[in-house]
Structure formats: C-alpha cells, structure tokens
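Undergrad: Pasting a structure here, questions to come.
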Amino acid sequence: MGTQMNQSLSPDDLQTIRRAFDRVSARAWGVAYGLLSALGLFVATVVLVIKGGPNAGAHLGLLSNYFPGFDINVTGAAIGAVYAFVVGYIGGWTIGTLYNFFVERTSN
C-alpha cells in the first residue's frame, strides 16, 4: 500500500478525485443545518417543559435575549424553532458557500 501512495496519479484518477470534491449545494446545506437546529431547539425545549420543576430551563431560557418571543413552553418552542431554522440556515449556507469557494480556488 505504501508504494501505491508514492506513485503519481493518472489523469482519470485525478478527475475522479476532483469529482468527489466537487461543489456542494449551499442551499441544501442551509436547509439541513436549519432543520437540525430547529428540531434540536424544539426538542430541547419540549423536554424541559415535560420535565417541569421550579427552575426548568433557566439556561435555555436565556435564548429569549436573542430570540424575542422564545420561552420555555410549547408556543415558545415553536417560535424558537423558527429562529433556530433561520440561524441554522445562514450558518449552513455560509459553510457551503465557503466550501465551494475553496474547492474552486484549489482546483485551478
């Protein structure tokens, strides 16, 4: 195996590798990150609502400073999920866009 790594790659092999690291869909990354973020925040909030207690979700409740309308209840979970989707979408779209930028830059 070590000797194969020292050999130069054929043009067909290089083309196969380039196709493997081709551009990604920034929109798809945005949707995927957005859905994961929204689902994560919604589930975390609902679990805290079910758990209950005198001080349930004190730390998670601090998100209301950034997400107006978010609270540790089912309605707040839905509102927070919308905000989390938007923030996750922006993050995923940014990652996809940067990935495409660097793939194009290194392939030239």
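Derivation of every value follows stated rules applied to the coordinates shown; laboratory data play no part. Every value quoted in this text rests on a predicted model; they were computed, and no experiment measured them.
Undergrad: How far is helix 74-107 tilted off the main Cα axis of the chain, in degrees rounded to 10, range 0 to 90?
TA: Long axis of 74-107 versus the principal axis of the chain: about 10 degrees.
Undergrad: With each run of n ≥ 4 DSSP H residues scored as -39500 (n - 2.57), what mean residue ellipticity at 222 nm is computed for the chain after dividing by its residue count and rounding to the nearest 500 deg cm²/dmol?
TA: -23500 deg cm²/dmol
Undergrad: Please compute the length gained on full extension between I90 and V103, using 0.36 nm multiplied by the number of residues separating them and subtracting their Cα-Cα distance.
TA: 2.7 nm
Undergrad: Separate question: Between R27 and T75, 0.36 nm times their residue separation minus their Cα-Cα distance comes to what?
TA: Gain on extension, R27 to T75, equals 14.5 nm.
Undergrad: Would you please classify the overall shape of the chain from the alpha carbon gyration tensor, given that a ≥ b ≥ c denote the square roots of the eigenvalues, rounded means a/c under 1.5, and beyond that prolate means a/b larger than b/c while oblate covers the rest?
TA: Judged from the Cα gyration tensor, the chain comes out prolate (a/c at least 1.5, a/b above b/c).
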